[in-house]
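Here's the structure, in structure tokens; my notes come after.
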Amino acid sequence: MGQADFWNNTSKAQATVAELKTLNTLLKPLDESLAAGGDLEALEELAREDITLEGELAQETDRLEKLVDSLELASLLSGPHDSSDALVSIHARDGGTDANDWAEMMLRMYSAWAGKHDYTVELLDRQDDAVAGIQSATVAIRGPWAYGYLKGEMGIHRLVRISPFNSEGKRQTSFAAVDVSPEIADDDTEVEIRDEDIREDVFRASGAGGQHVNKTSSAIRLTHFPTGIVVQCQSERSQHKNRATAIKMLRARIARMQEEKREADQLARYKQQPKTGFGSQIRNYFLHPDQRVKDQRTGHYVGNFQSVLDGNLDGFFDAFLRWKASGSAPQAAGDDS
């Protein structure tokens, strides 16, 4: 980064800066832990001679334990793409207008989590519903270990509440599906996309009406024949930019599929079945009769619905990483089913 021509290639320079930021999320806490360990040893010797230092010794011990615990958690981010940025797609499922509204609430939830960690969020595609909320949306969330943290969100998320769209005030259950893929660099040789394997469809992008209606066919839909994956992008007015983004989305989905196959092969060796995946109900969110959010896999529970919607998701992410590393059996659904 100290070279005079470092910023001549902006995209390559930004990738290097991002790599440094990712490495520092591990190296700085490691250096801090090693230094704290040395300080604690010296403080322990002093405390043996001065009993008034016992309180300070307990505080420093607790601080070191938290640092080591954080490093242990970071060590669980060991997947081939865990350090990558993430492409998060949210789709409304069963539940009608409530499901569309729920999908948009989830989009704000993940954006809020990203903001709390100084990650950037770029909207790649959004399909608004005619009444409320969204039919689907895809965002790129970029920051250290974004995919490693967010990949555990893949699956079905279930909301139970008194519907604001029902005049009778009935309880409504709605569902949204989340799909997460690593954002892969264009020069990544592991994911090869051949032109003859893709069908490209061009269509007119949808809009809010009036002056925002897109009068040109700039939206792109790509179908990848070998895998059956379909992606689309209409966030830009330029067809060329939308195609480039769609290719990036396709590359990410293929990389995710390859990673899932590797994980499935590894689990098969131990005669285990994958516990999560797209289409599984992984978490329940309740606004009625009481407020609570519970993960069906890990059992992690939060009694404040709004706190979760405001992006406080770290507890769920940490619990998932530890649960996956332990190979524990899924939690029973109980009264959350």
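The values are calculated or read from the model by the stated rules, or taken from the named source; none is laboratory data. Owing to the predicted nature of the structure, the values given are computational and were not obtained by experimental measurement. Neighbour counts run over all protein chains shown; Cβ positions are idealised from the backbone, glycine included.
Table for the structure above
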quantity	calculated
Identity of the residue in the range 131-157, in a strand (DSSP E or B) and closer than 18 Å to G315 by Cα, that ends up nearest to the chain's Cα centre (by Cα)	G155
Within the range 288-313, tally of residues that are in contact (Cβ under 8 Å) with a residue 60 or more places away in the chain and not in a loop (DSSP other than H, G, I, E, B)	2
Top-ranked residue of the range 267-287 - restricted to ones that are closer than 19 Å to V178 by Cα and part of a loop (DSSP other than H, G, I, E, B), ranked as modelled with the highest pLDDT	S280
Test: residue in the range 90-99 that is out of contact with any strand residue (DSSP E or B) (no Cβ under 6 Å at 6 or more places or on another chain) and surrounded by 14 or more Cβ atoms within 10 Å (Cβ to Cβ)	yes
Failed condition for A92, given (1) more than 30 Å from A264 (Cβ to Cβ); (2) assigned by TED's automatic domain parsing to the domain that holds A130	(1)
Some residue of the range 92-113 being free of Cβ contacts under 8 Å to residues at least 12 places away in the same chain and farther than 19 Å from K21 by Cβ	no
Meets criteria (part of a strand (DSSP E or B) and either modelled with pLDDT of 80 or more or more than 24 Å from Q281 (Cβ to Cβ) (or both)) for V191	no
Boolean, T138 is closer than 30 Å to S75 by Cα, in the same structural domain as L250 (by TED's automatic domain parsing), of a type in the set (S, T, N, Q) and buried (at least 21 other Cβ atoms within 10 Å of the Cβ)	yes
Test result for L123, among the hydrophobic types (A, V, I, L, M, F, W, C) and outside the structural domain of L309 (by TED's automatic domain parsing)	no
Any hit, the range 144-156, residues being small (G, A, S), on the phi > 0 side of the Ramachandran plot, surrounded by fewer than 22 Cβ atoms within 10 Å (Cβ to Cβ) and assigned by TED's automatic domain parsing to the domain that holds F175	yes
The range 16-37, residues that are small (G, A, S) and either under 18 Å from L73 (Cα atoms) or touching a strand residue (DSSP E or B) at 6+ places or on another chain (Cβ under 8 Å) (or both)	A18, S33
Considering residues of the range 62-78 that are assigned to a helix (DSSP H, G or I) and of a type in the set (A, V, I, L, M) only, the residue farthest from F320 (Cα to Cα)	L64
Residue within the range 242-256 that is at pLDDT 80 or above and assigned to a loop (DSSP other than H, G, I, E, B) present	no
Some residue of the range 205-226 being more than 26 Å from P144 (Cα to Cα), modelled with pLDDT of 85 or more and assigned to a helix (DSSP H, G or I)	no
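Matching residues to (1) over 30 Å from K324 (Cβ atoms); (2) of a type in the set (A, V, I, L, M, F, W, C); (3) surrounded by fewer than 13 Cβ atoms within 10 Å (Cβ to Cβ):
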| position | (1), (2), (3) |
| --- | --- |
| E19 | no, no, yes |
| A36 | no, yes, no |
| L43 | yes, yes, no |
| L53 | yes, yes, no |
| E60 | yes, no, no |
| A86 | no, yes, no |
| Y119 | no, no, no |
